[in-house]
Each structure stands twice: as structure tokens, then as C-alpha cells.
1. Of the numbered conditions (1) under 18 Å from the mean Cα position of the chain (by Cα); (2) part of a helix (DSSP H, G or I); (3) under 30 Å from residue B:123 (Cβ atoms), residue A:38 fails exactly one; give the number of that condition.
2. Test each condition in (1) free of Cβ contacts under 8 Å to residues at least 40 places away in the same chain; (2) out of contact with any helix residue (DSSP H, G or I) (no Cβ under 9 Å at 6 or more places or on another chain); (3) over 24 Å from residue A:350 (Cβ atoms); (4) within 12 Å of chain C (Cβ to nearest Cβ) for residue A:35 and report the one that comes out false.
3. Taking segment C:65-95 only, how many residues are within 14 Å of chain B (Cβ to nearest Cβ) and either at pLDDT 90 or above or in contact with a Ser or Thr (Cβ under 9 Å, 6 or more places away or on another chain) (or both)?
4. Of all the strands (runs of 3 or more DSSP E) wholly in segment C:33-125, which have at least 3 residues that are crowded, with 17+ Cβ neighbours inside 10 Å and in contact (Cβ under 8 Å) with a residue 40 or more places away in the chain?
5. Go through (1) under 15 Å from the mean Cα position of the chain (by Cα); (2) surrounded by fewer than 23 Cβ atoms within 10 Å (Cβ to Cβ); (3) among the aromatic types (Phe, Trp, Tyr) and name the single condition residue B:216 misses.
6. Only residues that are of a type outside the set (A, V, I, L, M, F, W, C) and at pLDDT 90 or above: list them for segment C:103-118, please.
7. Note down all Cβ pairs under 9 Å where the first residue falls in segment A:46-61 and is over 15 Å from residue A:285 (Cα atoms) and more than 7 Å from chain C (Cβ to nearest Cβ), the second is in a loop (DSSP other than H, G, I, E, B) and hydroxyl-bearing (Ser, Thr, Tyr), and they're at least six residues apart or on different chains.
Amino acid sequence: MRVEVPVGTIHPALIEPFRVRFWVEDEEVVDCEITYNAAHRGIEKILEGVPVLKASMIAEKVCGLCSHFHLWNSIRATEKALGATPTERAQYIRVLVAELERIHSHLFFIGHASEVVGHETFVYRAFELREPLMRILFELTGNRVHYAVPVIGGIRPRANPSEETIKKIRGYVKDLTPKLDSFVQRFLSDPLVMSRVTGSGILKKSVAEEFYAVGPTARASGVNNDVRQQMPEYKPFDYKIILLNDGDNKARVTLRCLEIYESLKIITQVLDKLPAGPVVGDVKLNFDTQFAEAYIEAPRGELYHTLRVDAKGKVRNYRIRTPTPTNLASMEKACVGDQLTDAVLTIASCDPCLSCSNRALVVDAESGKERMQEFNGGRCVK
Amino acid sequence: MILDLILGSVALVCISFAYALIIPGIERKVHARIQNRYGPPLTTPGFWNVLKAFFKQKVTPNSPNPRFYYMFLTIGLLEVPFIVLFSNPIWWGVLGFGTVFAIMGLMKVEEVDYLFIGSFSKSIMSLGMPFPDIVKGAKPAQDRRYFEEISVTRALKMITISSFPVYLALFVPFAVAGSLQIQDVVNMQNPLFSPLSQIPLNSLPQMLSFLKPFAFTLPGVICTIVYFIGYNILTNARPFDIIKSKVDVMEGPMMEYASKWRAVYYVFTGLLSFTLSSIFITIFLGIPLALNAPPMLLLHLLLIPILPILSAILRAFSPVLTFKQIIPISSTASVMAFIALALTLLKF
Amino acid sequence: MLKKSARKRSVHAMLVYTGGCNGCEIEVLNALFSPYYDVEQYNVLFTFNPREADVLLVTGPITIRTLPQLTAIYEKMPAPKAVIAVGACAVMGGVYLNVFGDLGPSDQIAGPLEKILTVDAKAVGCAPRPEEIIQAVASVIPKLMGGKP
């Protein structure tokens, strides 16, 4: 007998408010619907007409776990529009902070996934590994969350690491590697946890490509879509793109554990090859630009910003496309066929981090025609 | 005689309440030390939680009939101490209550209680959340359920599937003793114990040398393991707490208890841990909670925290298991209990 | 006297997230789940059931879609209770009400928490550090001790 079980906006398994309705037949999920409009804050509306040097303050607050990536991508798009180039030392330091944040986000995900599986001890172990990282970032940039490192043309001079800070980061990397090894081995060899995650929440490669899933969610199903291969800032570094083929919850968790090792490799290379020089370049603000767009690989997938700067130096037509909407849509298909507890774990395993959802599909009920409508706050603008 | 019975029963109930208020603190502290941190003080999760909940404002629960909702919890609270009382020497001669069926019957009543409690609870954290689900464009609504109703279905499955091995393991010592009376099981293991005479404290070493606990024989070891799994199932501890797992149904049938009734619920869970540990020591180790034999009393009270501590260690290292994993585990436990029963029958 | 003692030694905290950027949730979870800060040793236990909670921690700017849920949860908590606003968004609206361009501030925000509930303590910062969150929780305990019933 089919019954419907709604999982509400406030729930221990979620860290952002969204609503999931499961249709369950004797503990097995047959259908699923996800609604995530509760976190809509109207960011693109408040960015319309803001002076270009102030827009970065808002772009950073879109997400707290990938805040550096949002800001970095916004600055890349602005620099492309204005025709400015950052200095080489600044590029390296931006990559350093980005990889440190990727480790921080993946460890938070492992802690959160352990909480959803129900294993309390692994949550404490994962958070224990994370805390020295947040203190290193605090010393490097001045804050534990929301680092605000890139500016147009380079980085903030406060975030320029001294020799002592570089030594501390090296010490942290050397310290973390054996602890991380033992934790990952313990995590992946625990029979009870692995019996929960193996074989549940399978996302087939065809479904992942049809719904355009991005990031580690798709790479765990065999889709090769890492945007870092197309970014020029990552060219001097040597790292592997990890692909797994199973597509179940275990693959998604394992992939993120393995990506932490690749990030540690990149950080070591950055610290070895860090060039000397200025951190802020000479920037000529040529306003009245064309549209510029930028793609970047955030910890959850592909992120896209586009904007243009008008003649008075104000930002116009800012658009952000975040990785989570399509990931959640593919999870709607992946959780069918599992037990209810495993389905909640599947939805948490795609690491949802909702930013403002910003698009609506208007369907005419009589004629059946559809058209795309942009939302700007409460008013609809065609 | 009757006065002795009443005074003894009151003393036993006081002992069980005292332990019920300290066992949650011990479990939480064990968790904390495994997780590399300090953890709350020993009295906070048990004693001070109960007192704080007792002094809060009275609220009406979201329930179709609050009186029934409270009544079933009261039934649960009133009948759990009787399990300890029936396994105690002062009640052995009363009306034939000192048999294995009395204990099993009361444990079954406690399990079935969850079904009734869950049917009367409708909290706002699941279906009652004020969110517009039924809008144009959404999938049509069909027979919507609260979390508590899902939890009740799961509790029914747990009763039919998972509590069978426990009752079987509890029955094996009685098969060895060849009788249904608890008195005969205790006398088989503890030959110097007699319920009628006073035993002084300094005869403890002599008693220990004559003690032959059932748990140290081969079928006894198997039954202890099965009983330990059953202890976790009956107290809804972490590997088997699918009816009230935090990440899924968020406390299950007990969500709407607030203020005084939440204090009653805390005491109820503590009492259950104490009770199951106490009947293990009485029936499997042969050391009853005898008020007129101080060495037995002391030994029994010292051995009570062992089973909760082992359960807390297991709880810290395991996730929530779904029915895909619980059914094989309980089938294996049933097979082990059958093997233990066959071993005892073949030896005679 | 027993009542005051009990209220000091057992505090249950509940977290309600209302659509923010998640930075404050990271720090609140750090305070609760990290062995470095471990707020359980100060008698503050974590729960997700409003019937059991004494202290409500609210993060995020209150979006209009999560407003009915926040007020419903607040009503279900039995007295004495306290509300703590965590983060710059809950305290004064953050960037959503104070930084804007031509089209005005965001109209999807139902305002800082003061407009909706009475706030007993504020932990400011973007994001506030775990020590400040623990200090905010400790500062509302006298209010709980003296509250009715």
C-alpha cells in the first residue's frame, strides 16, 4: 500500500531547509519529490546595480562551505570583463586557499554523512581532523569561514603568507597525512557502515548524463567532467582526476576521501613552486564591458558566474548557476528502490548545498505550453 | 508476612529508581571517552534531566486523545518494576509468580506498548510542518503519514522478527534446571543460597567458591551472546534502534511527551536498562537480589553496570541498521539459541 | 531551590536553520560535535525535538518560506525558554538587507530575528566563533533559572 512520508524542512539529516516527499510501499521508496525553494534570498536582485568593487562582498556570502570558490569565480569573471590580469604569486595563493577549502568541505561532508548513517564516533573523528585546518586558515586569512582572499587584480595583502605561515602549512600537511590514512582505512573497512552504503542509491551513468549531474556525484558514476582540466590556473600542477564506476553511496564517499589526497598533493606543489613578487597588480578599470563568464570546479561540482559592467562601473545582469539543483534532481531517481533510511542517506550523499534557486518554469495549464521566466525578487521580468 | 513483602518491594523499587537515574550518565560518559572528549557529568543525563523536565510548563500534546497517550506510558512505567520484583526471592512463593512465563509476559507487554503509544502521537516535525506541499504542479497527495506511524509499523516488525532469540535464550537455563521456577534455576547455580535464612557478609568467599554460574558453561556462553544482542534490541540501542533513530524518524512514538511526562519517559528507559541487566544476573549468574543476604545483594549491585557499559561500547561503534541487515542478524541469533538448547538437551 | 539547580545543570539546545549560507551552521556544529569545543561538558545537550528543548539557536536570515515553521516550532517549546540569534544575518539581516544596488534590498527576507521573536542573546560575527556561541548559551542560563513556572 502506497503511503506518503514527508521529510520536513527542519530535520537532523539536513543542514539546509528543503522538503522531500517520499512515496513508500512497505518500507521501499517508489517515488520522490524534492522542493528546495525555502532558501531563496534574492541574491541576483540585490546585485543589480551595485558598484563593481562592492559586488564581491555579496557574491561571497552565497555559500559558506564554498565561499572562496564563489568569490574567486566572480573575480575571474570581472577580470575577464575589465581586461585585468592578476599577478603570478596571487594566482598560486588563490589555488592554495581553494585546495585547503576543498579539504575542509570534504571532511565536513564525511562528518555529516557519518551522522546520517548514524555512527556518532566517526563524526567526532572527522571534526577532530578538521579543526587544525580551520586554525591554519584563520592564521593565513583572518577568519575561519568566509576568507575574502581574492580582489580584482590579485589578493588582499593581509593574506600574503610569510615564511612562518608557509612552514606551518607544511607542518600541517605532514601531520594530517598519517592521521587521514588511518581514519580513511578505518572508515572504509568498517563492516557495518559499509553494509549500509554498498549497493544503495545507485545512480546509473545514463541517468547522470541525462540530468546533467556535476561534480563528485557524477564522477562516482563514471562521467568525466572535472572543470579543473580546462582552468589555466591549474596547468602548472600535477594531479589525477579520480573516476569510479559503481555509482552507489560507497563510491560517492570514497571518491571524496580520495580527492583529499589529490588536494594535499597540489598544496605541496604550490608551496614548493611559490614565486616571489607583488600580490596586487596594476588594474585599469575599463568600464562599459561585454558579458563575461567563468566556470570553476567547486567541491560540489561546476559553478558558473556571468556578469557585465556598465559605463558607470555598476554590475548588471549577474547570473549564478550552482551545482546542486541538477545533483538533487538526479538523486530523485537514484533513491528509488531502497529502504526509507537508505533513501535519506542517498539524498545527503550528493552533498547538497543550496544557494538561491533562481529560475521558474511557467506552464500554461490549458494549452500545455511552457516558457522560462526569470525571477528578480518578487517581480517577474521577461 | 505481608508487611515484609510490602517493605521489601518498596526497598527494591527504590533501588531500581536510583540505578535508573545513574545508568544513562554512565553510558554517556563511556561514549564521550571513546570519542576523545570529556562528556557531561555523571548525574546530568539521568538525574538532573528528569528534574528539569519535571519543572517545565504543562503543554497539550498534538494527539487525538492525550489521556490514552499518557495512560499507555503509565502502564509501561508501572509494569517494568514488577519484572525485578518477580525475579526476587520474596516474591517467589507468591501465587506462582516466580516463573519464567511471568517475566516473559511482562517483557512482551512492554514491547507491545510502543505500538499503542505511537498511534496517539502526531508531532509537527513531520507531516504537521506548515509547508505548502499541495500546490499546482506538485505530485498529487496520497494517504499521508506521520513519522510516528512509520515507526509503529517498524516496531511491529521488530516484535515479530527480532525478539524471538531473546526469549529462546532466556528459556535455556530453565531447560537445564528442568523446571519453570526461578528458584530452581538459582539453586542449581548457587547451592549455598537459601531464601529463608540470614547469610552473614563474611561468608562471601565461601559462597563464591561454591558458585557455578550457568553463563560459564558452553551453552551458557552462547546464550549470553544472544541475550546481549537481545538487550540491545529491547532497549532500542544503536545498532537496532530503527524505531527511534535520530536521522530518520526523530524519536519515533515518544516525540510528543513534554514536561512531566518526559520525566516519566526518562525514568522508564532507565528502569528498562536496570531491569534487563538484573534478570541477567539473577538467571544466568545465579546471584539474586536478596535483601536478607548481604553478600548476594552487594555482588548483584556491583555487577549491574556491566551490561549497560558493554552496550554503550557497542553503541559507540555502530551505525543504524535497516531491516536488510537486522533480519539476517536475528536469524543467526535464533540459530545460535537453538544450538544452545540442543546442546543442553543432548547432555542429559 | 532544587528547581534552580536542575535548570542550571541540564540545558537542551535545538538548532533551527532558516535558509542562510551555512557558515553559522558549520560553527554551531563545530561547537557541538568537535572534541576541541565539546559543549556537552558544560551540561548543554543537543536535541531536535521542540518538546524537549530549552534554548533555540536560530541561524540564517529568516526567509519568508521558513517563517511559519520557525514560529510553529517556537510555540511548541514549553516554558521557560530562550532564543539566541546566531550570526550577522539573524541579528541584523547581514548582506541581504544592508548592501544593495538599484533594485533595493532583498524582499525575500522577513527581517532580522528581533521582528519575529524576543531575542535573549546575540552572537555576532560572520561566522561567530564557537567560543562566542558557547558564551551566548551560557549567558541565557540565568534567565532560564529565574523563569516561571
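1. (1)
2. Answer for residue A:35: the failing condition is (3).
3. Residues flagged as within 14 Å of chain B (Cβ to nearest Cβ) and either at pLDDT 90 or above or in contact with a Ser or Thr (Cβ under 9 Å, 6 or more places away or on another chain) (or both) within segment C:65-95 amount to 17.
4. Qualifying strands (runs of 3 or more DSSP E): C:55-59, C:82-86.
5. Among (1) under 15 Å from the mean Cα position of the chain (by Cα); (2) surrounded by fewer than 23 Cβ atoms within 10 Å (Cβ to Cβ); (3) among the aromatic types (Phe, Trp, Tyr), the lone unmet condition for residue B:216 is (1).
6. Of everything in segment C:103-118, those that are of a type outside the set (A, V, I, L, M, F, W, C) and at pLDDT 90 or above turn out to be C:112, C:114, C:115, C:118.
7. That search, which allows pairs on different chains as well, returns A:60/A:147.
A quick yes/no check of all residues on (1) within 14 Å of another protein chain (Cβ to nearest Cβ); (2) under 23 Å from residue C:129 (Cβ atoms); (3) surrounded by 18 or more Cβ atoms within 10 Å (Cβ to Cβ):
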| site | (1), (2), (3) |
| --- | --- |
| A:138 | yes, yes, no |
| A:147 | yes, yes, yes |
| A:153 | no, no, yes |
| A:156 | no, yes, no |
| A:159 | no, yes, yes |
| A:165 | no, yes, no |
| A:178 | no, no, no |
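The values are calculated or read from the model by the stated rules, or taken from the named source; none is laboratory data. These numbers come from a predicted model, not from an experiment. When we count neighbours, we look across all protein chains shown, and the Cβ atoms used for this are built from the backbone with ideal geometry, even at glycine.
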